[in-house]
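**Student:** A single structure is presented below for examination.
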């Protein structure tokens, strides 16, 4: 085993870091990196799992989960999966259009619109999703499970429940200006 293999097997503490490589159109945030130990006859075998959030800072965001024997492979896999699972987040200026509660298993996440200048008032996983999506003003509260994966899935469940103002106005036969007042 050469020195590079040993170095790749060590877990890296890169929680919530931006990863901007040559691909400038997406912002990649590592939410969670976990080392898994499997006990075998000769000792322990280590592998890694990574949870990442990818967004274009303009309303499109996705998450991905990847597992591999090396840290870099796990992160690469999770980023590829996140790019395949992008969803559109409806926005009203710099925030979300209305309050919503996202639920996944025992995790609940409350997302509330905020006035301009408030900033992102959110915990780690929720903050990563909102920064990648390009939301600049939001209030949030995570309740129940503190598992990063479940919180991210709850946020995406909440995003799925958000209604786009243009579609609602069109279905009611009104203009966007009439709808918002």
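A short reminder: the numbers here are calculations on the coordinates, not readings from a lab. For clarity, every value in this text was computed on a predicted model and none was experimentally measured. As a convention, Cβ positions derive from the backbone with ideal geometry for all residues, glycine included, and neighbour counts pool all protein chains shown.
**Student:** What is the gain in length, in nm to one decimal, between residue 177 and residue 46 on full extension, counting 0.36 nm per residue of separation less the C-alpha to C-alpha distance?
**Tutor:** Roughly 41.5 nm would be gained on extension.
**Student:** Among 75, 120, 138, which comes first, then next, by fewest other beta-carbon atoms within 10 Å?
**Tutor:** 120, 138, 75
**Student:** So, one more: In degrees from 0 to 90, rounded to the nearest 10, what is the angle of the helix 124-133 Cα long axis to the longest principal axis of the chain?
**Tutor:** Approximately 60 degrees, to the nearest ten.
**Student:** Apply 1/(1 + (r/R0)^6) to the Cβ-Cβ distance of residue 115 and residue 86, taking R0 = 30 Å, and write down the FRET efficiency to the nearest 0.05.
**Tutor:** Working from the Cβ atoms, E equals 0.60.
**Student:** If you don't mind, there's one more thing I want to ask. Using only Cα atoms, locate the centre of region 89-114 and the centre of region 116-181, then give the distance between them in Å, rounded to an integer.
**Tutor:** So the separation of the two Cα centres works out to 3 Å.
**Student:** Next question, about the same structure. From the square roots a ≥ b ≥ c of the eigenvalues of the alpha-carbon gyration tensor of region 75-127, which class results: rounded (a/c under 1.5), prolate (a/b over b/c), or oblate?
**Tutor:** Prolate shape, in that a/c is at least 1.5 and a/b is the bigger ratio.
**Student:** Could I ask something else about it? For each of 118, 175, count neighbouring Cβ atoms within 10 Å of the residue's Cβ, then give the residues from fewest to most.
**Tutor:** 175, 118
**Student:** Please list the equivalent ellipsoid semi-axes of the chain, computed as the square roots of five times the alpha-carbon gyration tensor eigenvalues, in descending order and whole angstrom.
**Tutor:** The equivalent ellipsoid of the chain has semi-axes of 36, 16, 13 Å.
**Student:** Something else: In Å, the Kirkwood hydrodynamic radius of region 90-163 over pairs of distinct alpha carbons?
**Tutor:** Result for region 90-163 stands at 11.8 Å.
**Student:** Turning to a different aspect of this structure: Kindly work out what percent of the DSSP beta bridges joining two residues of region 87-181 are antiparallel, to the nearest 5.
**Tutor:** Here the antiparallel bridges make up roughly 85 percent for region 87-181.
**Student:** Under the rule of -39500 (n - 2.57) per DSSP H run of 4 or more residues, summed and divided by the residues of the chain, what mean residue ellipticity at 222 nm is obtained, to the nearest 500 deg cm²/dmol? Present the calculation step by step, with values, prior to reporting the outcome.
**Tutor:** Values: 6 runs with 57 residues, N = 181.
After summing the helix terms and dividing by residue count, I get -9000 deg cm²/dmol.
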